[in-house]
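The next block holds one structure in the form of structure tokens; read it before the comments.
Read the figures in this text as sums done on the coordinates, not as results from a lab. Computed from a predicted model, the values in this text were never measured in an experiment. Don't worry about glycine lacking a Cβ; one is built from the backbone with ideal geometry, like all the others, and counts go over all protein chains shown.
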Amino acid sequence: MTNSFNWLDDEIASLESRSLVRERREVQSLTAGRCQVDGNELWNFASNDYLGFANDPAVIAAARDALKEGVGAGASALVTGRTYWHAKVEQRLAEFKGTESAILFPTGFAANIGTIVSLVGPEDIVFCDRLNHASLVDGARHSKARFRVYPHCDMNALKTELEKSTDYRRRLIVTDSLFSMDGDVAPLAELASLSEQHDAMLLVDEAHATGVFGDQGTGLLEAQNVKSQNVVAVGTLSKAIGAQGGYVAGSRSLCDWLWNTARTNMFSTALAPPMCAAASESLRLIESEPHRREWLHSASQRVVETLRSQGWEIPDKVDGPIIPVLTDTPENTLNLSKKLQQQGILVAAIRPPTVPQGKSRLRISLSYAHRDEGVDALVQAFANLDR
């Protein structure tokens, strides 16, 4: 009898030869701040817990209170309905984002795919920034709409594409607000203006910006004063909010449409109620504790300036807690990551296919949980590296 999976060993060996294998390892305390990897205690600069809420006592207490009523939701929300905790966090998200309504999804990935597929189809066209998150790319492809990729943040190129696409039923622009691998910011005000000029919908994924940008911490749509009715705001509860899940905030008709058509929500068990309770508490803290994001931006500026002074290559437009340090090859990236780990610093080694060939990097993710002690350790560890 032949084994139809014989090819797997050869393919994995090929990945290993190119330093592209991702190992599954067990860690303790995945939240930002301190963690343990292979028995060693490290500063965790690989976490997206930007504000330190995943391990915050008030957030944990909120989840614990909801846990008394049970662990899981037990079914799709469309089958059984939403619990009090689901309804509460959806209302809080709508208030937080300044929209009529909000709808939960099991993950941010599911929110992007489900929303895009519900908004466009074979008669339509999607315009996608070249550096968008994989969930936006996959959503556009799954929609079966015509797919156009424009150069990163190139508004002239996008305008040209929009002007050539007048024959489509619907047009949708999709973009990250804060780009997860490059740490730079999309020109949302210009994108909103283009969407209005060309009667296009604009989907903005605020996954990495929620809690971090804006006077109220709601994201880059707020920071750039974008209030267009054409905007669909997508986000996640799993990064700065410190919990789990995804959401879409927008008009009541939009959320009603997604409730009835988004398959990634319809055919998924609803979020665990304790996660909803935790997210609600985090939203309260984002509004009441602005010093967390203020420290985060100050620390980011310090790290960028210090690493550049040490001779490390960091892209020009980095803004916020994501700081990429360009390292060229996968081999060099892995080697530097291991050397940092030996100094007590955990930093993600980002390699193809997550980024293009020749664009491997160390991605630093800052968190309020690091405070000055962690930042001091980080910049000193980079200073000690033998490149």
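All Cα-Cα distances of the stretch 72-288, cut into 5 Å bins from zero to the largest, leave 1, 8, 16, 21, 21, 16, 10, 5, 2, 0 percent in each bin in turn. Between Q229 and E196, the modelled label-to-label distance comes to 1.1 nm, taking each label 7 Å out from Cα in the direction of the beta carbon. With θ taken as phi - 60° and the Karplus curve 6.51 cos²θ - 1.76 cosθ + 1.60 applied, the whole-hertz 3J(HN,Hα) list for the stretch 378-387 is 5, 5, 5, 5, 5, 4, 7, 5, 9, 8 Hz, x standing for glycine and proline.
Grouping the Cα pair distances of the stretch 169-278 into 5 Å bins from zero gives a pair-distance distribution of 2, 11, 19, 23, 20, 15, 7, 2, 0 percent in increasing distance order.
Sorting the Cα pairs of the chain by distance into bins of 10 Å, from 0 upward, gives 5, 22, 31, 27, 14, 2, 0 percent per bin. Pairs of Cα atoms nearer than 8 Å and 6+ residues apart set the relative contact order; for the chain it is 23 percent.
Let a ≥ b ≥ c be the square roots of the eigenvalues of the Cα gyration tensor of the stretch 33-146; is it rounded (a/c under 1.5), or, if not, prolate (a/b larger than b/c) or oblate? Don't skip to the answer; put the middle values down first.
On the way: a/c = 2.23, a/b = 1.30, b/c = 1.71.
In terms of gyration-tensor shape, oblate.
Taking 0.36 nm per residue of separation and subtracting the Cα-Cα distance, full extension of the segment from T261 to D154 would add 35.3 nm.
Quickly estimate the mean residue ellipticity at 222 nm for the chain, helices only: each DSSP H run with n ≥ 4 gives -39500 (n - 2.57), and the total goes over all residues, rounded to 500. Don't jump to the answer; show the numbers that get you there.
Details: 15 runs with 160 residues, N = 387.
Computed mean residue ellipticity for the chain: -12500 deg cm²/dmol.
Name the shape class, rounded, prolate or oblate, that the alpha-carbon gyration tensor gives for the stretch 120-177, where a ≥ b ≥ c are the square roots of its eigenvalues, rounded holds for a/c under 1.5, and otherwise prolate holds if a/b is larger than b/c and oblate otherwise. The shape class here is oblate.
Would you order V37, V185 from fewest to most other beta-carbon atoms within 10 Å of each residue's own beta-carbon?
Working: V37 16, V185 21.
Starting with the residue having the fewest Cβ neighbours, the order is V37, V185.
Under 5 Å from the amide H of D176 lie the amide H atoms of H133, D205, each residue being 5 or more positions distant or on a separate chain, with H modelled from the backbone and absent for Pro and chain starts.
For D372 and E305, what is the calculated FRET efficiency with R₀ set at 22 Å and r taken between the beta-carbons, to the nearest 0.05? Show your work: numbers first, answer last.
Values: r = 15 Å, r/R0 = 0.68.
Step by step, r from the Cβ atoms, then E = 0.90.
Given a Förster radius of 51 Å and the C-beta distance between L326 and E69 as r, what FRET efficiency does 1/(1 + (r/R0)^6) yield to the nearest 0.05?
0.60
Counting 0.36 nm for each residue step from S165 to N384 and taking away their Cα separation leaves a gain of 73.6 nm.
Ranked by the mean number of other Cβ atoms within 10 Å per residue, highest first, peptides 375-387, 10-22, 171-183, 46-58 order as 171-183, 46-58, 375-387, 10-22. Remark: C-alpha extents of the stretch 222-281 on the principal axes read 33, 29, 14 Å, sorted largest to smallest.
Calculated FRET efficiency, Q91 and D215, Cβ-Cβ r, R0 30 Å, to nearest 0.05?
After rounding, the FRET efficiency stands at 0.90.
Each of S251 and E26 was given a label point 7 Å from its Cα along the Cα-to-Cβ line. The distance between the two points is 5.2 nm. In the stretch 266-387, the ratio of gyration radius to Kirkwood radius, Rg to Rh, stands at 1.06 when only Cα atoms are counted. The count of lysine pairs in the chain that are at least 8 places apart or cross chains, and whose C-alpha atoms lie under 28 Å apart, stands at 26.
On a full-extension model of 0.36 nm per residue, what is the gain between N40 and Y84, subtracting their alpha-carbon distance, rounded to one decimal in nm? Intermediate values should be presented prior to the final figure.
On the way: separation 44, 0.36 × 44 = 15.84 nm, distance 4.11 nm.
Result for the pair: 11.7 nm of gain on full extension.
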